[in-house]
Amino acid sequence: MVAHAVSLICAEIRVPAYTGGKCQLSAVETEKTRVIAHVRIHVERVIGSLRQKYTILWGTLPIHMLLHVDGDVAILDKIVTKCCALTNLCPSVIPMDSLLPGRFITRVVKKLQKIHVKCQLRWIKRPL
């Protein structure tokens, strides 16, 4: 269910590998898990800074913020979306050029461009 919802916005869920009864992970699985863990650290930092910047996200929230009124988006979803948008306008928590080698950045940009084109085509083909 979550994977389907994420795929609608042209994204994917990356889950670290687990041994599942094996003694240890293969070299490929170990490397993929290392990369996911590296990115996860930064995602957690951004979420932490988001919660720290906006006091409305600090404590326990009232249950009525989770309710949908007249088929509209829940109030909490609207608040979090606005907070995330404002956080995206802030300077990055990590300088991208210091983390990624040039060729890797080029591959990532090309992949993102392909994904962007696929998303545009998906939206164009979608029935009204």
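The values are calculated or read from the model by the stated rules, or taken from the named source; none is laboratory data. For clarity, every value in this text was computed on a predicted model and none was experimentally measured. Positions of Cβ are backbone-derived with ideal geometry, glycine not excepted, and every protein chain shown enters the neighbour counts.
A few notes on this one:
- Considering A17, A5, A37, the condition of being surrounded by 10 or more Cβ atoms within 10 Å (Cβ to Cβ), in a loop (DSSP other than H, G, I, E, B) and of a type in the set (G, A, S) is satisfied by A17 alone.
- Residues located in the range 54-89, provided they are surrounded by 13 or more Cβ atoms within 10 Å (Cβ to Cβ) and under 26 Å from R14 (Cβ atoms): L57, L76, D77, V80, C83, C84, T87
- Filtering A37, A3 for residues that are outside the structural domain of T81 (by TED's automatic domain parsing) and on the phi < 0 side of the Ramachandran plot leaves a single hit, A3.
- Pairing each residue of the range 21-41 that is farther than 30 Å from S92 by Cβ with any residue that is at pLDDT below 85, provided the two are 6+ apart or on different chains, yields C-beta distances under 7 Å for L25/A17; L25/T19; L25/T33.
- Evaluating I41 against the criteria (1) modelled with pLDDT of 80 or more; (2) under 23 Å from L8 (Cβ atoms) leaves one unmet condition, (2).
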